[in-house]
Amino acid sequence: MPSTQPFDVIGVGFGPSNLALAIALEEQAENGARRARSLFLDRQTDYHWHGDTLVSQSELQISFLKDLVTLRNATSRYSFVNYLQQHGRLIDFINLGTFYPCRMEYSDYLRWVATHFSDQCQYGERVERIEPVNNGGGDIELLDVISVDSHGREHRRRTRSVVVGTGGTPRIPTVFQGLRDDTRVFHHSQYLSRINQQRCARGEPMRIAVVGGGQSAAEAFIDLNDSFPNVRVDLVLRSEVLKPADDSPFVNQIFAPENTHLFFDQPETERERLISEFHNTNYSVVDLNLIEQIYGIFYRQKVSGKQRHAFRCRTQVLNASSQEHGVRLQMRDIATGQEEAHHYDAVILATGYERKSHKALLAPLAEYLGDFDVERSYRVRATPALKAGVFVQGFSEANHGLSDTLLSVLPARAWEISEALLANAEAAEQRAESQGLKETAA
Ligand SMILES: Cc1cc2nc3c(=O)[nH]c(=O)nc-3n(C[C@H](O)[C@H](O)[C@H](O)COP(=O)(O)OP(=O)(O)OC[C@H]3O[C@@H](n4cnc5c(N)ncnc54)[C@H](O)[C@@H]3O)c2cc1C
């Protein structure tokens, strides 16, 4: 049975989005607002930010000044600058002369912030579903969040609102879906742990295909090239070339928090046009410095005459099958239609992420939530009967713009959600009080 006193909010996932919310709620209380009774649940046993992708060369793709809080409150103790100060690296970081720390350091910053909220976070619990609490018909004031811990024990907790911040789900292209059990085929989100189980980690030769033409594919290619001299890599991509991510200053203005208002107020067709126009800021693109590194690797191959890696552009994978000694990929040149088959010892799917996990978690609330349209305050539009708040972070790109799945608007978004959550909690208490008064009078 859940405890009788409900939480004001349960955050599902404790990635950067809900971490920023924890900071915003604390700041609200310090400014005199209600101190929210909050809890954050994360399936990881410990804090990591995309931990299996943290190869040594990977860098943050956004300025460190766009951390969890600075854009809203530059004097916050949770800033990246304060993290550096507390760890005795501020002067060293300044001397690096960069806005882009390595992702390993940024993950450590996030973990450091998370330790300040350890009393509000429960790790090692995977949330399975979010159910309405139906007290005999009428309005739904409360929700139950049902999670399972590492021992398989189920937990049920009651709350006035939920904020789902569960991030992306690895996208597995259809042709690879039949190979999910094959340990030689894995998504880039599992890169480090899986590559360390391969023969190349013991120095043995391997032939590996990296499928994809975005940032993750580029990072995997460079890591395999640098860390495993006995690995030959085929970079397999549908596009003609590796295209650079546009992070030029005027374009970067679309990620300003103010831009969210502008974007949200546009008609649907205009929003779609804007997303398509600026798609090359985030999707299927690579940081220019990595493109130059990869180009240099292929150029040096030409100079030496020793071909180690292959660049298979304009290539569609038609079929993938497990074989005794590897994985066979049947591929087609998109321009000429010519087909070839190649054998690999392992295949890494750098094929991106889908944003759909919120729908499965919220499925028991489907009759109240319709098609998951999201309001400006990031609350999912619901029928009037659902008084409990359902908020999402990172699942509203179509309504709030390209920054929605990224780090750039976290401080502003967390603040907006915290205001809506607190208002919802106050309203719920007032309804409960007036209900109590009515019952007493009757
Ligand atoms: C490799 C990689 C690098 C990136 N680099 C950048 C970058 O440099 N700049 C940028 O702006 N964006 C970057 N992004 C985009 C990324 O989405 C954001 O940086 C950020 O991680 C979004 O935070 P989030 O909290 O919404 O989601 P996530 O960081 O994905 O966090 C979600 C959390 O929810 C937990 N979770 C998931 N399902 C459940 C469940 N059922 N129950 C309990 N817990 C659950 C997960 O364990 C995780 O901790 C990157 C993405 C990837 C994959």
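The values are calculated or read from the model by the stated rules, or taken from the named source; none is laboratory data. Keep in mind that this is a model prediction, so the values were computed, not measured. Every residue, glycine among them, receives a Cβ derived from its backbone with ideal geometry; neighbour counts consider all protein chains shown.
Computed values, structure above
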| quantity | calculated |
| --- | --- |
| Residue selected from segment 137-177 under the condition touching an Asp or Glu at 6+ places or on another chain (Cβ under 6 Å) and under 30 Å from S321 (Cβ atoms), by the criterion nearest to the ligand (Cβ to nearest atom) | T169 |
| Filter result for E240 (in contact with a Lys or Arg (Cβ under 7 Å, 6 or more places away or on another chain) and more than 16 Å from the ligand (Cβ to nearest atom)) | yes |
| Boolean, I195 is among the β-branched types (V, I, T), in the same structural domain as H343 (by TED's automatic domain parsing) and within 16 Å of the ligand (Cβ to nearest atom) | yes |
| Flag for Q435 being among the polar types (S, T, N, Q) and crowded, with 22+ Cβ neighbours inside 10 Å | no |
| Residue match in segment 143-151 (condition: of a type in the set (G, A, S), outside the structural domain of A428 (by TED's automatic domain parsing) and over 25 Å from G296 (Cβ atoms)) | no |
| Qualifying residue in segment 390-404 (condition: more than 16 Å from the ligand (Cβ to nearest atom) and buried (at least 24 other Cβ atoms within 10 Å of the Cβ)) | no |
| Unmet requirement for E59, which otherwise passes all of (1) in contact with a helix residue (DSSP H, G or I) (Cβ under 7 Å, 6 or more places away or on another chain); (2) more than 11 Å from the ligand (Cβ to nearest atom) | (2) |
| Residues of segment 332-353 classified as in contact with a Lys or Arg (Cβ under 7 Å, 6 or more places away or on another chain), part of a strand (DSSP E or B) and surrounded by 15 or more Cβ atoms within 10 Å (Cβ to Cβ), total | 4 |
| Residues being crowded, with 20+ Cβ neighbours inside 10 Å and either away from the ligand (no atom under 12 Å from the Cβ) or closer than 10 Å to P170 by Cα (or both) - total across segment 354-366 | 1 |
| Count of residues meeting criterion [touching a Leu at 6+ places or on another chain (Cβ under 9 Å) and among the small types (G, A, S)] in segment 308-348 | 5 |
| N289 being surrounded by 14 or more Cβ atoms within 10 Å (Cβ to Cβ), free of Cβ contacts under 8 Å to residues at least 40 places away in the same chain, of a type outside the set (K, R) and not assigned by TED's automatic domain parsing to the domain that holds S396 | no |
| Number of the exception - S377 against (1) surrounded by fewer than 21 Cβ atoms within 10 Å (Cβ to Cβ); (2) not in a loop (DSSP other than H, G, I, E, B) | (2) |
| In segment 12-35, the residues that are within 9 Å of the ligand (Cβ to nearest atom) and outside any loop (DSSP other than H, G, I, E, B) | V12, P16, S17, N18, L19, A20 |
| Hey, F298 under 23 Å from Y353 (Cβ atoms), in contact (Cβ under 8 Å) with a residue 12 or more places away in the chain and surrounded by 10 or more Cβ atoms within 10 Å (Cβ to Cβ) or not | no |
| Residue count for segment 19-74, restricted to those that are among the charged types (D, E, K, R) and either farther than 29 Å from I130 by Cα or in contact with a strand residue (DSSP E or B) (Cβ under 7 Å, 6 or more places away or on another chain) (or both) | 9 |
| Residue in segment 263-282 that is charged (D, E, K, R) and more than 23 Å from V409 (Cα to Cα) present | no |
| Near pairs, Cβ below 7 angstrom, 6+ apart or cross-chain, from segment 8-22 (at positive phi and assigned by TED's automatic domain parsing to the domain that holds D42) to any residue that is at pLDDT 95 or above and within 6 Å of the ligand (Cβ to nearest atom) | G13/D42; G13/G165; G13/T166; G13/G167 |
